[in-house]
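Written below as structure tokens is the structure these notes are about.
The values are calculated or read from the model by the stated rules, or taken from the named source; none is laboratory data. Since this is a predicted model, take the numbers as computed values, not measurements. All Cβ positions, glycine included, derive from the backbone under ideal geometry; neighbour counts span all protein chains shown. Please note that ligands, DNA and RNA were not included when accessible areas were found on the heavy atoms of the full protein model with its side chains. Shrake-Rupley method; radii C 1.70, N 1.55, O 1.52, S 1.80 Å.
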Amino acid sequence: MTSPRRHRPQPAVLTGGHLGRPTVVVAAAVVLGLALGGCSGDDPAEAPTPVVVGATEYEPILETRLPVPGSAEDEVTVGLVSLVAEGSTVELRVLLTPHFVEDDPDRPEEHSVYDMLGSHHDPWLLDVGSLTRYDVVSAPGKDMATDVVYAQTANGHPLLYQAWFPRPEGDPATVDVRLHDAWPAFEDVPVTWEATE
């Protein structure tokens, strides 16, 4: 991972609700349901719910250990697995492994994504070429990402975090990925572009 770029102009921000293409949110919901293969119920009108899956089969292409924002002792290993574009969205996969100081190692505590991100959740992608920022796609009352409160894991055990963003215009070869404003960005992350039919 390299250090963040400096002296950049303020990027434009594009989110699922501001693309001028209302089909983005619908397409994201369909892609999300197919990709995860799990919903919160049998009701087809119910929005798909991202789920936590085992992390042992995922190999990060970039990895770093960072302090938990707002904590003097706790840390988290962040492993960027992939950034894959398919249809109108881009799926981000990241392994998060907590390293929290605990009072009782015999009774391991579960730590949520929310805990690991220091109680702040605002990941985004940046296309440096067009100076355009992309936020997580959202439907009414629901972000298309792993539930940061209910997704939990024990110290030293990785958890897979997934988030869906609007497909960057122009299909850039790389983008920057920022998971938290207190952490440096993963720069020049390659985007895998799935063939469209």
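One table, with the values for the structure above:
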quantity: Scope segment 118-149; condition within 24 Å of Pro190 (Cα to Cα) and in a strand (DSSP E or B); matching residues; calculated: Trp124, Leu125, Leu126, Asp127, Thr132, Arg133, Tyr134, Asp135, Ser138, Asp143, Ala145
quantity: Elements of type strands (runs of 3 or more DSSP E) in segment 35-115, at least 2 residues being of a type in the set (Gly, Ala, Ser) and modelled with pLDDT of 90 or more; calculated: 75-86
quantity: Condition met for Arg65 (out of contact with any Pro (no Cβ under 8 Å at 6 or more places or on another chain) and under 18 Å from Asn155 (Cβ atoms)); calculated: yes
quantity: Enumeration of residues in segment 172-196 that are open to solvent by 70 Å² or more (accessible area, probe 1.4 Å) and outside any strand (DSSP E or B); calculated: Ala173, Asp181, Glu194, Ala195, Thr196
quantity: Residue in segment 164-171 that is assigned to a loop (DSSP other than H, G, I, E, B), within 22 Å of Glu63 (Cβ to Cβ) and either in contact with a Ser or Thr (Cβ under 7 Å, 6 or more places away or on another chain) or at pLDDT below 95 (or both) present; calculated: no
